[in-house]
Amino acid sequence: MGLLSWMGIGAGRADALPAPHNAVQEAGGGVTITTPDQLESAIRAALVSGSGAVVTPETAMRVAAVFACVRLRANAVANLPFGAFRRIDDKTREPLAPEHWLTKLLRRRPNRWQTPSQFKKMMEAHIQLRGNAYALKVVSRGMVLELVPLHPDRVKCKQLDDWTLVYEYTRKDGRTTILKQEEMFHLVGLTLDGVHGVSVIHYARETIGLSLSMENHGATVFKNGARPSNVLSHPNKLGKEGIENLRASLDAYRAGGENDGQALILEEGMTVAPIAMTAEDAQWIESRKFSRSDIAMFFGVPPHMIGDTEKSTSWGTGIEQQGIGFVTYSLEDSLTAWEETANRDLVPDNEPEVFTRINRKALVRGDLKTRQGFYTAMMQWGVYSPNEVRALEDENPREGGDIYYDPPNTAGGQNQQDPQKEGNGNEPSQPA
């Protein structure tokens, strides 16, 4: 199948025709919706939270805490180098050549219009918001030349009776295409059935809906001059025209904020009394803080990383330990998923010695003191040579820098004298 044909340009495939309307029911799932009331009920049950706010991945991103969590998780994955290596033996590995197709796919050009960082950032955002990320593999002679990202909302993954997976992709023109498992690069987040990733937005709908409602409430309060609603009492009876004129005058008085703090003049013996709770009475600010921490917990992000610095010592010994916990218990899960999925979907079966690996050392790229201590320890113990350290810092090698120092305070050092040589003073004492 050619890429242009698959995208719907030119002749279409037979399996690209729309499925019958009852195909979902015949496959053993779904319900038939025949009335507008049933459609409205299904939509509201799936998207509307208890607070009344409609929560979708798009509306959820309007919440600052959700946007910050998704951005942090996606950027952390996108900024780490993703490389391909070959195992020489049990203790030796070497990076694949820069011109190797897998290296070019991971580090240079995943497709015709995206950089590796853009591709990884978008795919990780799909995982965080929808639980799944999909990309079509463009394969030629066993080599994956491109990864074409597919929007998760247009892809349905199904497991057949023989345990294989098939993917139904809905194009923009409404036609559907069936893709086999070997044609898809499928990243899965937290899963309950081993096939589909669960959506954080789905399980955090009430928390996010509450945050959206509070945002709308706050915007309305400030639009109305940060004043609660009031009731005006008139000793006599006002006509319809008088009520409309009075309401228009009060709205103009409050909306712009220019008259804030000035006195309100009432005529004809009218009195005013507040009837609604203020934002302070409802503890609006405290509720927003609680919602922000709750959202951070759903995404596995320490609160201080999204601006919530209260109670920053609740985990370990402080913010530093929270950052370590984020890398260990949250980010590592995403990195492992990327590596294992790439090894499964991108590495050919006839090259089992090839594997992919994300370089975690880049996480300390902005911490000079930590990098310096790490390099010093690695050279002292003979793990790295000076030139290898220089390579990690993007510096050219120096002459004589390919040596490995002997570990200190250990047996077998180069300064140890040979006990077989006479007169070295190391002979064991002879019994008298």
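R0 = 60 Å: FRET efficiency of THR170 with ARG247, Cβ-based, nearest 0.05?
Details: r = 49 Å, r/R0 = 0.81.
Efficiency for this residue pair is about 0.80.
Amide H of GLY197: which non-local residues (sequence gap of 5 or more, or other chain) have their own amide H closer than 5 Å, using H built in the peptide plane?
GLY189
What length, rounded to one decimal in nm, is gained on full extension from GLU206 through to ASN359, with 0.36 nm per residue of separation minus their alpha-carbon distance?
Details: separation 153, 0.36 × 153 = 55.08 nm, distance 3.69 nm.
Full extension from GLU206 to ASN359 adds 51.4 nm.
Using the Karplus equation 6.51 cos²θ - 1.76 cosθ + 1.60 (θ = phi - 60°), what ³J(HN,Hα) coupling, rounded to whole Hz, does each residue of region 132-146 give in order, writing x for Gly and Pro?
9, 9, 10, 8, 6, 8, 9, 10, 9, 6, x, 10, 7, 8, 8
Could you calculate the contour length gain from VAL327 to ASN396, that is, 0.36 nm times the residue separation minus the distance between their Cα atoms, to one decimal place in nm?
Details: separation 69, 0.36 × 69 = 24.84 nm, distance 3.04 nm.
Between VAL327 and ASN396, full extension yields an extra 21.8 nm.
Would you mind giving the average projected area, over all directions, of the Cα convex hull of region 119-219 in nm² with one decimal?
On the way: hull surface 36.3 nm².
One quarter of the hull surface, i.e. the mean projection, equals 9.1 nm².
Just so you know, all these numbers are worked out from the coordinates, no wet-lab data involved. Note that the structure is predicted; figures quoted are calculated from it, not measured. Ideal geometry is used to build each Cβ from the backbone, glycine not excepted, and the neighbour counts take in all protein chains shown.
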